[in-house]
2 protein chains.
Amino acid sequence: MEGTSRKIAILDAASKIVAEKGIFYLTLDAVAEEAGISKGGLLYHYRSKEVLVEKMVEHLASNYKSKIDSHAAEDSEEKGKRTRAYLDVTFKNTYKNKDMHAGLLAAKAINPTLLNPIHEVYTEWQHDIENDGLDPIMTTIIRLATDGIWLADLFDINPIDSEQKELIYNTLRKWTFER
Amino acid sequence: MEGTSRKIAILDAASKIVAEKGIFYLTLDAVAEEAGISKGGLLYHYRSKEVLVEKMVEHLASNYKSKIDSHAAEDSEEKGKRTRAYLDVTFKNTYKNKDMHAGLLAAKAINPTLLNPIHEVYTEWQHDIENDGLDPIMTTIIRLATDGIWLADLFDINPIDSEQKELIYNTLRKWTFER
DNA sequence: GAATATGGACCGTCTGGTAGGTATAATGTA
DNA sequence: TACATTATACCTACCAGACGGTCCATATTC
């Protein structure tokens, strides 16, 4: 198999394991098996577990970022489009969010400095959201509320029913057009 | 030493380790050392690591809950007091939040069903917040935004400066009086 | 002397990582 | 063109250390 796609397949295998089974199941053996490769083969591509997680986080962050960027690009209304992109992508694409959760958790657990790429992406988003043609306090609150939904998903502590959730989404979205 | 206080000291030692060093450092040996006890002694009080984490989560959840309850009880304005309590306690007491993070992360990592006590607490809070004498959508958004701050703290991905944070806090708090 | 509380040696298992090998493809060179 | 060399992409076997947990001895208290 050609190198690059196998390397990405390994990263996908890793985040799948974390998302489905938890961080303690993220072992080199498990990743190797999930990716259909031997441990030696795995370590050929990523020379340590830490490097593997580092690349996994970067991969997830860049995927997430490009998804939000393209969503914003497709928005015809200039004002609030970046806030809307963040809101829409995070509120909707639930499955992929789980992978992102996986990356965050793994990074935080193994070595918090691995969160740096995420940090950068968030700093950029926050800047965009504060300069989105609307009141920055309001757009930041929209972002934070979106993150709140995310947190609830992450820990499966979401006591908000889907009907209520939809109403909240609608309210937040309406705010991205006002003022 | 008397039994109960030692048991609690062990739980505190455990959450301290997770908060300061991460989940992978939460070993029985490390907890025993932090609590100034031998591993045998530790296992006398908690017969397995899973039980230890279970009790730790319950302990943290009950602490957090009583803090919010007492804050709400001290609020003289009936309308919105539960939402305010959640907002104030979570926005302010940052250090103790780290312990709560610790509990959530450890539970999620070791066995997601250990999150059940947290789940119950949150369900109760959500109910309170939706019946706080204000528009439930608004109070829920306040809660979610508060959680968003929390998430950012958890992963150290908080690109919001403290001045901005204060403005957001003021705005959210103002909302708990309106309507 | 029984219950409670703690210490410490020990064990089986799992894990990250190493060592060293093989097969195939790419590249150089006579 | 034929042959030699290297680089790429894996695999198997293995090891040293860490970890959860057991077992049993010992204090201390009531």
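Just one of (1) part of a helix (DSSP H, G or I); (2) charged (D, E, K, R); (3) surrounded by fewer than 19 Cβ atoms within 10 Å (Cβ to Cβ) fails for A:Lys79. It is (1).
When restricted to residues that are more than 9 Å from chain A (Cβ to nearest Cβ) and aromatic (Phe, Trp, Tyr), the stretch B:132-179 contains 3. For the stretch B:46-68, a residue qualifies if it is away from every other protein chain (no Cβ under 14 Å), open to solvent by 50 Å² or more (accessible area, probe 1.4 Å) and within 16 Å of DNA strand C (Cβ to nearest atom), and the qualifying residues are B:Arg47, B:Lys55.
If you check A:Glu34 against the conditions, is it within 16 Å of DNA strand C (Cβ to nearest atom), modelled with pLDDT of 95 or more and within 21 Å of B:Ala109 (Cα to Cα)? Answer is yes for this residue. Filtering B:Lys98, B:Lys7 for residues that are touching a residue at least 60 places away in the same chain (Cβ under 8 Å), in contact with a helix residue (DSSP H, G or I) (Cβ under 6 Å, 6 or more places away or on another chain) and of a type in the set (Lys, Arg) leaves a single hit, B:Lys98. For the stretch B:152-167, the tally of residues that are touching a helix residue (DSSP H, G or I) at 6+ places or on another chain (Cβ under 6 Å) and open to solvent by less than 80 Å² (accessible area, probe 1.4 Å) stands at 5. Looking only at the stretch B:102-111, decide whether some residue is part of a helix (DSSP H, G or I), more than 7 Å from every other protein chain (Cβ to nearest Cβ) and under 29 Å from B:Lys79 (Cβ atoms). No: zero hits.
Based on what the data block shows, is A:Asp88 away from DNA strand D (no atom under 16 Å from the Cβ) and either crowded, with 16+ Cβ neighbours inside 10 Å or modelled with pLDDT of 95 or more (or both)? So A:Asp88 passes the test. Selection of the stretch A:112-131 for residues being assigned to a helix (DSSP H, G or I) and open to solvent by 50 Å² or more (accessible area, probe 1.4 Å) yields A:Pro112, A:Thr113, A:Asn116, A:His119, A:Glu120, A:Thr123, A:Glu124, A:His127, A:Glu130. Tell me whether the stretch B:134-146 contains one or more residues that are without any contact (Cβ under 8 Å) to a residue 40 or more places away in the chain, open to solvent by 30 Å² or more (accessible area, probe 1.4 Å) and within 25 Å of A:Lys165 (Cα to Cα). The answer is yes, given that some residue of the stretch B:134-146 is without any contact (Cβ under 8 Å) to a residue 40 or more places away in the chain, open to solvent by 30 Å² or more (accessible area, probe 1.4 Å) and within 25 Å of A:Lys165 (Cα to Cα).
Of all residues in the stretch B:13-35, exactly one satisfies the criterion of being open to solvent by 50 Å² or more (accessible area, probe 1.4 Å), touching a residue at least 12 places away in the same chain (Cβ under 8 Å) and under 18 Å from the mean Cα position of the chain (by Cα), namely B:Lys16.
Looking at B:Ala19, B:Ala30, B:Ala72, B:Ala13, just one residue is away from chain A (no Cβ under 14 Å) and more than 16 Å from DNA strand D (Cβ to nearest atom), and that residue is B:Ala72. Only a single item in (1) closer than 21 Å to B:Leu154 by Cα; (2) at pLDDT below 95 is not met by A:Arg143, and it is number (2). So, A:Leu43, is that one away from DNA strand C (no atom under 12 Å from the Cβ) and either away from chain B (no Cβ under 14 Å) or closer than 30 Å to A:Leu134 by Cα (or both) or not? Judged against the criteria, A:Leu43 is not a match. Of everything in the stretch B:1-12, what is outside any loop (DSSP other than H, G, I, E, B), within 14 Å of DNA strand C (Cβ to nearest atom) and open to solvent by 50 Å² or more (accessible area, probe 1.4 Å)? Give them in sequence order. Selection gives B:Thr4, B:Ser5, B:Arg6, B:Lys7, B:Ile8.
The values are calculated or read from the model by the stated rules, or taken from the named source; none is laboratory data. Computed from a predicted model, the values in this text were never measured in an experiment. No Cβ is skipped: glycine too gets one built from the backbone with ideal geometry, and neighbour counts run over all protein chains shown. With ligands, DNA and RNA removed, areas are computed over all heavy atoms of the protein, side chains included. Shrake-Rupley method; radii C 1.70, N 1.55, O 1.52, S 1.80 Å.
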